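Student: Structure provided below as structure tokens; questions to follow.
All of the numbers you see were taken from the coordinates with simple rules; none came from a lab. Bear in mind that the values here come from a model prediction, so they are computed numbers and not experimental data. No Cβ is skipped: glycine too gets one built from the backbone with ideal geometry, and neighbour counts run over all protein chains shown.
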Amino acid sequence: MGIPVYGSNDNRNIMVHTPAEQFPYQRTTLAVHLLRWLSLLMGAGTIYATDQLARQITKHRMASVLAAMVVAFNPTFLFVSTSVNNDSLIILLATLILLQMIRVWQYGATHSSIIRLGVLAGLASLSKLSALGLIVVATLLVLIRSMRSASEVPGRFSQPLATVDFKTMLSGVVGLLTPVALIGSWWYARNVFLYGDPTGLNVMLAIVGARPGEQPIWQILQSEAEGLWLSFWGMFGWFNILAAPWIYSLFNLLTIGALLGLAFLLTDVKRITTEARSIGALWWLAFWLLILFVSWARWTLMTPATQGRLLFPAISVAAIFLSIGLVALIPRALTQAGVILLGLILFAVALRIAVLDIAPAYTPAPLVASVPPVAAREPIHFGNALELVGVELPRASAHPGEALSMTLYWKAATPMNQDYSIFVHLVDSADLHDAQRDTYPGLGLRPTTQLQPGDIVRDVYSMSIDAAALAPGRRQWRVGVYDVATGKRLSATIQGQPAGDNPLIGDIELLPISTDSAMTPLRFSIEDHFELRGYQIDRVAIRAGETFRLTLYWQAHKPAPKDYSIFTHVLRQDETLWGQLDRQLPTTTWQAGQIVEDTYVIQVKPETPAGVYEIEVGAYDLTDNLKRLNIWDSKGQFAGDRVLLRKIRVLAP
């Protein structure tokens, strides 16, 4: 999912909540609350299992206490553990499997211990695919542990499987995998029957969307790393509610401290052997963390859906290593006090986030009694549903790429039986959007079905002007109300006169970023060869069959290894081309820093239907099956293999 945005003005609610959900709970609401309690119970089980696992690893009691507190007060873990999801189950089962694995490693591979491990692994295989990696780790552990002789086993609860022959090794693996197969195989067989894929990932990718383009692996992982780290510690809602920035700095500091403590321990072998119950157990935990990280990387390469909770099946492992490292930095005489202080800090941070970050995001702003005189205006009536009774416009001028906010006051005219959405558009003379904001009232917290006649909602709309917008020029602010399901807009009237479905509420002057050049500045890197630094277009409203002039400005990084070709396309949402002009450029002769002006006269096909079209540009290798070159934006984020430059409007001939 990349990097979330601080202070984003997006809808918080994915679901519309109504008074019918209030206590006493009934039907679906009751089921959801019961499941939340079940999730909370599983979270508590994870905390307990983490403490038990840490006790198996380290003799230092306060280290195990701190590990449990690191899990218990991880804000994202708390959020997950109080919601309905499948993460709570896999987190609990993964922690129990790790605990059972370490017990098998330390006390021996017995029939009963392996069967318990197999049952847990089988249940985990039904909860989430990440369990499959843990089953692989458990199988290797049982295989290796079964090779050790019975005389090496310090304590065993039943007849040991351990001998040195292959028969015993096979017996241990079969004892583990048989419960796994009996419990979980039906699900994977079902997936093969329904989807032709035992994992069902082909269907899931079709739903969530595969990652576009052929971005280098390191670029993908780098672009997702910050979002992964932030969401591991504190990311809420639909990846749209963040904690205060200083909180992530605190977690960074704790992590750095833990790494320093672990590095210090590596230089003190005597202390490691004194405080660790099993060095081998630590290696198994680290191995699982590595396997899960590789699994995350593979998933991230497949789809842009990275979240820190995907690493939570190893949250106990991370907490144990973190606690061991931090405890190593605390003087022994102050260990207990230091751990208690760290626990209180983590608790305070979690409480602060719940009270000051999460709760306000889901609390509707109060209705207003009246519109401030400075914002009041002649009401605009949208059907018989809503009235726009106040407007506070942003400043009178702005530049492309700048962020703006405006405040609108909406009044419910009648009870409504559907939830309408609001749009705010900044449009040019061709009715093309240079900025756009679509949202439910109150960022989803004031659905129109819950408004009573006379209720007034004060809504703030934040948006950014398109960096590719043409300037200078006058732009208009237009607003409307529509049904998201059908896209149908409500007709507007002012003083009883028709005002269309996107009435004008104000205007703004768009100023150029620089007066030194007539081009609209941009910055897109075409691999490491050259950049698209800007463009000019002679008009944005064109009749079918006519031509328009497009000038691109390239800046070379260095002479390219080949003479690449540039494509310029006019296309619609269905990717059908309605205009095209390609040209091979002498990019091998371009020198570092050189600016190249590249002009195209593009004809829109005479049969082109009237409507809005995109102009896309990019580069390709004519000698390599027309393979397109990868593109990165000004922030270093992968942008695919094309730049959607801007929209144009095609008029009927």
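Student: In whole Å, what is the distance between the alpha-carbon centres of the range 543-565 and the range 390-449?
Tutor: Spelled out, the Cα-based centre of one part sits 36 Å from the other.
Student: Relative to the compact globular guide of 2.2 N^0.38 Å, what is the alpha carbon radius of gyration of the range 32-74, as a ratio? Kindly include the intermediate steps, with their values, before the conclusion.
Tutor: Values: Rg = 12.2 Å, N = 43, 2.2 N^0.38 = 9.2 Å.
Here the Cα radius of gyration is 1.32 times the empirical estimate.
Student: Where Rh denotes the Kirkwood radius from the mean inverse Cα pair distance, what is Rg over Rh for the range 343-453?
Tutor: Details: Rg = 18.1 Å, Rh = 16.8 Å.
With Rh from the inverse mean 1/r over Cα pairs, Rg/Rh is 1.07.
Student: Quick one: check the C-alpha center-to-center distance for the range 458-490 versus the range 166-183, whole angstrom.
Tutor: 62
Student: Turning to a different aspect of this structure: Show me, for the range 167-173, the HN-Hα J-couplings you get by feeding each phi into the Karplus relation (A = 6.51, B = -1.76, C = 1.60, θ = phi - 60°), rounded to Hz, glycine and proline as x.
Tutor: 4, 5, 4, 5, 4, x, 5
Student: Show me the ranking of peptides 196-208, 55-67 by mean Cβ neighbours inside 10 Å, starting with the highest.
Tutor: Numbers: 196-208: 13.2, 55-67: 21.8.
For the peptides 196-208, 55-67, the packing ranking is 55-67, 196-208.
Student: Still on this structure: Per-residue counts of other Cβ atoms within 10 Å, averaged by peptide: what ranking do you get for 12-23, 465-476, highest first? It would help to have the intermediate numbers written out before the result.
Tutor: On the way: 12-23: 12.0, 465-476: 18.1.
The peptides rank, most packed first, as 465-476, 12-23.
Student: Around P313, with a cut-off of 13 angstrom between Cβ atoms, what is the net charge of the other residues, counting Lys and Arg +1 and Asp and Glu -1?
Tutor: On the way: positive: K128, R309; negative: D87.
Local net charge: +1.
Student: List the residues whose amide H sits under 5 Å from the amide H of I241, counting only those 5 or more places along or on another chain, with H placed 1.01 Å from N in the peptide plane.
Tutor: Here F236 satisfy the definition.
Student: For the chain, go through all pairs of different Cα atoms, get the mean of 1/r, take its inverse, and jot down that Kirkwood value in Å.
Tutor: On the way: mean 1/r = 0.0342 Å⁻¹.
Result for the chain stands at 29.3 Å.
Student: Oh, and also: Normalise the Debye intensity by I(0) for the range 495-653, one equal point scatterer per Cα, no solvent, then take log10 at q = 0.09, 0.10 Å⁻¹ and round to two decimals.
Tutor: Summing over Cα pairs of the range 495-653 leads to -0.35, -0.43.
Student: Something else: Going through the range 20-107, which chymotrypsin sites (Phe, Trp or Tyr not before Pro) have at most 16 other Cβ atoms within 10 Å and a DSSP loop state? Before the final figure, lay out the partial values.
Tutor: Details: sites: Y25, W37, Y48, F73, F77, F79, W105, Y107; in loops: Y25, F73.
Sites meeting the loop and neighbour criteria: Y25.
Student: Amide H neighbours of L645 under 5 Å, at least 5 residues apart or on other chains, H built in the peptide plane: list them.
Tutor: I615, E616, V617
Student: Order the peptides 400-412, 344-356 from the highest to the lowest mean number of other Cβ atoms within 10 Å of their residues.
Tutor: Working: 400-412: 18.8, 344-356: 15.4.
Highest-to-lowest ranking by the protection proxy: 400-412, 344-356.
Student: For the chain, what is the calculated [θ] at 222 nm in deg cm²/dmol (nearest 500), taking -39500 (n - 2.57) for each run of four or more DSSP H residues and dividing by its residue count?
Tutor: Working: 14 runs with 247 residues, N = 653.
Calculated at 222 nm, the ellipticity per residue is -13000 deg cm²/dmol.
Student: Using only Cα atoms, find the angle between the long axis of helix 279-302 and the longest principal axis of the chain, and express it within 0 to 90 degrees, rounded to the nearest 10.
Tutor: Roughly 20 degrees between the two axes.
Student: Relative to the longest principal axis of the C-alpha atoms of the chain, give the angle of the C-alpha long axis of helix 27-57, reported between 0 and 90° and rounded to the nearest 10°.
Tutor: The helix 27-57 is inclined about 50 degrees to the chain.
Student: Could you tell me whether the range 190-303 comes out rounded, prolate or oblate from its Cα gyration tensor? Rule is a ≥ b ≥ c as square roots of the eigenvalues, rounded for a/c under 1.5, then prolate if a/b exceeds b/c, otherwise oblate.
Tutor: Numbers: a/c = 2.57, a/b = 1.54, b/c = 1.67.
Oblate, because a/c is 1.5 or more while a/b does not exceed b/c.
Student: Another question, if that's okay. Which residues' amide hydrogens lie under 5 Å from the amide hydrogen of Q594, considering only partners 5 or more residues apart or on another chain, with H built in the peptide plane?
Tutor: Residues meeting the amide H criterion: A556.
Student: On a 0 to 90° scale, report how tilted helix 315-329 is relative to the longest principal axis of the chain, with both axes built from alpha carbons and the result rounded to the nearest 10.
Tutor: Computed tilt is about 70 degrees.
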